[in-house]
Amino acid sequence: MRKALITGSSRGIGKAIALELASRGYAVAVHYGRNREAAEQVAQEAQERGAPSVAVIGADLAMPEAASRLVNEAAEALGGLDVLVNNAGITRDTLLIRMKDADWNAVLETNLSAVFRATREAVKRMIRQRWGRIVNITSVAGILGNAGQANYVATKAALIGFTRSVAKEYANRGITVNAIAPGFIESDMTAALPEKVREEYLKSIPMGRFGKPEEVAKAVAFLVSDDAAYINGQTLCVDGGLTPH
């Protein structure tokens, strides 16, 4: 039985990942930042899908000590840790000249520094067992750039480099580290888009539709499986062809 921690898994892509892994027999730790009720609902559904063990853990990843504590609590609750999915992230969008230091720092702390700390703690455990899977959820914005998101894009581009570096450091310890870069994925945000804006976004996607959280989740499930044992340091775009387009 593999044990997985998915950060930011009370909703959206993180929720889909937790449920997909649960349906494949993983024990899962569901992490939330503020909404415990939503996380508990995900945990209940994970159990219904077949997860042999489920933990619900709250942590504010903007706090320096939170990510390490989260990893250790998840490992203790599940009886070990084999898989870490760094999914949690925030945005503070505005044009560069209007961006405050607090906007920049908040996004870097949650989207990048917390990933560094969680990964550092998880790798310590994975080295001892000589097996581990780490998947970092970045974004096509980190590849293409996006106006009004200098802070967010900086973190997502950095995650790609971070993934490559850590992958090289621990490949000989049975640990793989990969990233997934989602494109436009169905969410409350995309559902609330004005119709004209929605149409413009869809025009930029060769497949002509938004992706589904479940499609990202299935890509994660593949990368953390034994079938992906020889895939390491890669960034997989799940974007309907947006990036090459």
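The values are calculated or read from the model by the stated rules, or taken from the named source; none is laboratory data. Since the structure is predicted, the reported quantities are computational estimates derived from the model, not experimental observations. Heads up, the Cβs are rebuilt from the backbone with ideal geometry, glycines too, and the neighbour counts pull from every protein chain shown.
Could you please give the count of residues in segment 166-176 that are closer than 17 Å to residue 86 by Cα and in contact with a Lys or Arg (Cβ under 8 Å, 6 or more places away or on another chain)? The qualifying residues number 2.
Pairs are defined by a Cβ separation below 8 Å, a sequence spacing of at least 6 or placement on different chains, a first member in segment 185-214 that is free of Cβ contacts under 8 Å to residues at least 40 places away in the same chain, and a second member that is outside any helix (DSSP H, G or I) and among the polar types (S, T, N, Q); no pair meets this definition.
In segment 230-245, how many are more than 15 Å from residue 139 (Cα to Cα) and buried (at least 16 other Cβ atoms within 10 Å of the Cβ)?
Keep residues of segment 230-245 that are more than 15 Å from residue 139 (Cα to Cα), which gives 230-233, 245.
Of the ones still in play, those that are also buried (at least 16 other Cβ atoms within 10 Å of the Cβ) are 232-233.
Summing the residues that are more than 15 Å from residue 139 (Cα to Cα) and buried (at least 16 other Cβ atoms within 10 Å of the Cβ) in segment 230-245 gives 2.
Checked against (1) under 19 Å from the mean Cα position of the chain (by Cα); (2) within 24 Å of residue 222 (Cβ to Cβ), residue 72 meets all criteria but (2). The single condition from (1) touching a strand residue (DSSP E or B) at 6+ places or on another chain (Cβ under 9 Å); (2) more than 17 Å from residue 114 (Cα to Cα); (3) not in a loop (DSSP other than H, G, I, E, B) that residue 57 fails is (2). The residues on offer are 196, 156, and the sole one that is crowded, with 16+ Cβ neighbours inside 10 Å, basic (Lys, Arg) and not in a loop (DSSP other than H, G, I, E, B) is 156. On the basis of being without any contact (Cβ under 8 Å) to a residue 24 or more places away in the chain and in a helix (DSSP H, G or I), does residue 40 make the cut? In short, yes. Across segment 1-14, the number of residues qualifying as over 10 Å from the mean Cα position of the chain (by Cα) and farther than 19 Å from residue 66 by Cβ comes to 4.
Exactly one residue among 91, 119 is in contact with a helix residue (DSSP H, G or I) (Cβ under 7 Å, 6 or more places away or on another chain) and over 14 Å from residue 8 (Cβ atoms), and that residue is 119.
For segment 91-116, residues that are within 21 Å of residue 59 (Cβ to Cβ) and touching a Phe, Trp or Tyr at 6+ places or on another chain (Cβ under 8 Å) total 7. Among all positions in segment 29-50, there is at least one residue which is of a type in the set (Val, Ile, Thr), under 18 Å from residue 135 (Cα atoms) and modelled with pLDDT of 95 or more. Looking across segment 126-166 at every residue that is closer than 23 Å to residue 18 by Cα and among the small types (Gly, Ala, Ser), the one that is modelled with the highest pLDDT is identified as 132. Of note, residue 198 does not satisfy the criterion of being modelled with pLDDT of 95 or more and not small (Gly, Ala, Ser).
Only one residue in 49, 92 is free of Cβ contacts under 8 Å to residues at least 60 places away in the same chain and not β-branched (Val, Ile, Thr), so which one is that?
Values: 92 fails: free of Cβ contacts under 8 Å to residues at least 60 places away in the same chain.
Unique residue meeting the criteria: 49.
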